[in-house]
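Here's the structure we're looking at; comments come further down.
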């Protein structure tokens with residue numbers, strides 16, 4: 001078996017048996033990055049030396065018989081939105097091009113103590129704003145299944161790194177679908193946990209009431225193992241939930257008996273690609289063959305999710321990004337007239353188009369005279385969206401839906417049409433608004449060979465249920481075993 | 001929510017947001033923001049009269065910690081990314097005229 005493209009379970013088994021060393025595993029993935037990433041463009045930074053040093057330490061620990069962490073020796077790529085002490089953290093922006101954090105994010109600390117090997121930082125839409133990774137200030141990331149297509153976004157780097165077998169695991173962030181959409185576009189597994197499940201300490205903030213970190217992996221078990229490591233309470237993030245973290249990877253193979261699946265009537269409306277619809281229907285049949293029952297449910301307010309999201313997220317972003325003032329860190333303009341002009345010029349020079357668009361929208365919607373009509377209205381409809389879910393989950397265990405209306409779109413196809421780009425979030429953003437966990441898993445291929453994803457949603461803190469239900473499907477199908485041809 | 005968004009309004013918002021934008025950017029944003037605002041008009045059809053706004057997915061109340069002295073980021077580390085510093089403070093352009 002080849003090392004790259006193997007699942008986390010396979011790699012851990014091989015290392016535990018002593019068939020391969022951690023250094024060999026990490027080396028193989030670094031070589032794969034070297035030979036493949038010139039084409040894909042997932043990595044913004046690769047730290048070969050440090051990764052190999054870590055790998056050597058882990059092999060030494062193992063040979064001394066010391067106990068090892070749950071991710072011991074597994075190579076992992078981290079979205080460049082998480083602070084890494086002493087290593088550049090750009091957030092895909094010129095604003096933070098030379099920013100070197102003086103501290104590690106909570107999740108980075110967790111990875112270190114689990115003995116994972118961080119091989120590098122990966123590309124993203126600037127400040128996680130976008131659905132294609134085309135908004136990165138630094139480079140284009142290509143979809144490993146078809147180089148003319150985007151990998152989705154904003155976690156396009158994390159998704160492409162896993163899909164191209166450059167790492168078996170990666171970490172992304174999801175504010176309106178930014179883990180699940182690229183996971184679907186790239187044919188891998190990606191989960192957005194319940195809001196507050198993973199500490200956001202050290203995550204560069206975009207929209208604080210929606211942001212959540214989560215795992216991407218080449219199979220469900222890998223994602224379960226990674227979330228188990230990432231999740232848990234952290235007093236440095238006041239919204240972090242003080243709830244025990246189940247051992248997701250231990251229960252992942254236990255299928256659910258008497259599973260009730262909800263299919264949302266409103267999801268199968270105009271605008272849904274027939275091949276995506278077919279993939280979702282086939283997935284439902286797989287569950288039925290396993291004894292699940294299917295119920296039609298209604299989320300009458302789900303059609304407002306994109307409108308609500310594109311008010312709330314820009315409002316929070318305009319406030320969060322006010323910190324980039326050219327004083328404490330980040331870009332400062334060279335020529336300006338006075339203090340105010342220094343702020344405006346620095347920000348005008350260093351932010352890209354999408355970030356400017358969202359700051360402007362948010363500033364407008366929060367400004368005097370518009371606050372009630374836009375922001376407050378959106379917060380009220382947000383409550384109605386959540387109420388719909390609460391009602392639905394009295395009837396069913398999980399909701400099955402598409403991840404996006406269609407498979408990956410072409411590079412450059414939507415870049416000048418922000419409104420159409422935003423509509424890619426139609427099936428994903430409501431989970432962020434309601435704070436629910438959601439998982440995307442590979443469930444088909446279009447006639448042109450692009451992956452199609454399936455989304456499962458569950459009530460708050462039911463990640464364990466999501467992993468188990470996702471694994472039921474995975475065990476019956478082979479989509480997750482396919483590797484991109486790149 | 002009437003929104004025939006004008007160029008003058010967009011300039012005003014840019015000033016509030018402390019964003020210096022080019023002529024071309026102002027032009028594009030006027031049309032794109034108008035488009036997006038037209039789309040979100042969709043929310044007008046929802047009756048929200050008795051609905052409490054929902055600011056957070058998890059209704060957390062104040063989270064307190066004990067009031068004890070802890071280490072903070074050392075000054076040197078805090079200043080390490082400053083565009084301009086004298087090693088003790090962040091330096092900014094002069095704010096008061098004739099000071």
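Could you list, in sequence order, all residues of region A:406-418 that are surrounded by 20 or more Cβ atoms within 10 Å (Cβ to Cβ) and under 19 Å from the mean Cα position of the chain (by Cα)? The answer is A:407, A:408, A:409. In the condition set (1) over 26 Å from residue A:135 (Cα atoms); (2) without any contact (Cβ under 8 Å) to a residue 12 or more places away in the chain; (3) facing chain B (nearest Cβ under 7 Å), residue A:328 is compliant with all but (1).
Considering each residue of region A:332-381, count those that are more than 27 Å from the chain's Cα centre (by Cα) and farther than 30 Å from residue B:46 by Cβ, and give that number. Residues in region A:332-381 being more than 27 Å from the chain's Cα centre (by Cα) and farther than 30 Å from residue B:46 by Cβ: 17 in total.
For residue A:186, the conditions (1) more than 21 Å from residue A:425 (Cα to Cα); (2) touching a residue at least 12 places away in the same chain (Cβ under 8 Å) all hold with the exception of (1).
Kindly indicate whether any position in region A:282-303 is surrounded by 20 or more Cβ atoms within 10 Å (Cβ to Cβ), part of a helix (DSSP H, G or I), in contact (Cβ under 8 Å) with a residue 12 or more places away in the chain and within 14 Å of chain B (Cβ to nearest Cβ). Looking through region A:282-303, at least one residue is surrounded by 20 or more Cβ atoms within 10 Å (Cβ to Cβ), part of a helix (DSSP H, G or I), in contact (Cβ under 8 Å) with a residue 12 or more places away in the chain and within 14 Å of chain B (Cβ to nearest Cβ).
Taking the condition closer than 30 Å to residue A:331 by Cβ and in a strand (DSSP E or B), does residue A:77 pass? The answer is yes for residue A:77. Scanning region A:58-74 for residues that are out of contact with any strand residue (DSSP E or B) (no Cβ under 7 Å at 6 or more places or on another chain) and assigned to a loop (DSSP other than H, G, I, E, B) gives A:64, A:65, A:66, A:67, A:68, A:69, A:70, A:71, A:72.
Could you pull out the residue among A:45, A:128, A:105, A:77 that is within 25 Å of residue A:10 (Cβ to Cβ) and in contact with a strand residue (DSSP E or B) (Cβ under 9 Å, 6 or more places away or on another chain)? Outline the logic, then answer.
Details: A:45 fails: within 25 Å of residue A:10 (Cβ to Cβ); A:128 fails: within 25 Å of residue A:10 (Cβ to Cβ); A:105 fails: within 25 Å of residue A:10 (Cβ to Cβ).
Just a single option satisfies the conditions, and that option is A:77.
Of the residues that make up region A:293-303, is at least one modelled with pLDDT of 95 or more and within 23 Å of residue A:133 (Cβ to Cβ)? No, that holds for no residue. If the condition is being free of Cβ contacts under 8 Å to residues at least 12 places away in the same chain and either facing chain A (nearest Cβ under 7 Å) or at positive phi (or both), then region B:14-24 contributes B:16, B:17, B:18, B:19, B:20, B:21. Could you list, in sequence order, the residues of region B:25-77 that are part of a helix (DSSP H, G or I), at the interface with chain A (Cβ under 7 Å from one of its Cβ atoms) and farther than 30 Å from residue B:15 by Cα? Residue satisfying the conditions is B:77 alone.
Kindly check whether there is at least one residue in region A:276-286 that is touching a strand residue (DSSP E or B) at 6+ places or on another chain (Cβ under 8 Å), within 13 Å of residue A:402 (Cα to Cα) and modelled with pLDDT under 95. No. Within region A:348-361, the residues that satisfy the criterion of being farther than 16 Å from residue A:312 by Cα and touching a residue at least 60 places away in the same chain (Cβ under 8 Å) are A:349, A:350, A:351, A:352, A:353. Out of all the residues in region A:190-201, is one or more touching a helix residue (DSSP H, G or I) at 6+ places or on another chain (Cβ under 7 Å), buried (at least 24 other Cβ atoms within 10 Å of the Cβ), away from chain B (no Cβ under 14 Å) and part of a loop (DSSP other than H, G, I, E, B)? No: region A:190-201 contains no residue that is touching a helix residue (DSSP H, G or I) at 6+ places or on another chain (Cβ under 7 Å), buried (at least 24 other Cβ atoms within 10 Å of the Cβ), away from chain B (no Cβ under 14 Å) and part of a loop (DSSP other than H, G, I, E, B). Residues that are touching a helix residue (DSSP H, G or I) at 6+ places or on another chain (Cβ under 7 Å) and under 13 Å from residue A:443 (Cβ atoms) within region A:473-484 comprise A:473, A:474, A:476, A:477, A:480, listed in sequence order.
Evaluate the following for residue A:371: is it in contact with a helix residue (DSSP H, G or I) (Cβ under 9 Å, 6 or more places away or on another chain) and more than 8 Å from chain B (Cβ to nearest Cβ)?
Working: in contact with a helix residue (DSSP H, G or I) (Cβ under 9 Å, 6 or more places away or on another chain): yes; more than 8 Å from chain B (Cβ to nearest Cβ): yes.
Against the criterion (in contact with a helix residue (DSSP H, G or I) (Cβ under 9 Å, 6 or more places away or on another chain) and more than 8 Å from chain B (Cβ to nearest Cβ)), residue A:371 qualifies.
The values are calculated or read from the model by the stated rules, or taken from the named source; none is laboratory data. This is a predicted model, so every value here is computed, not measured. Here the Cβ is made from the backbone with ideal geometry for all residues, glycine too, and neighbour counts use every protein chain on show.
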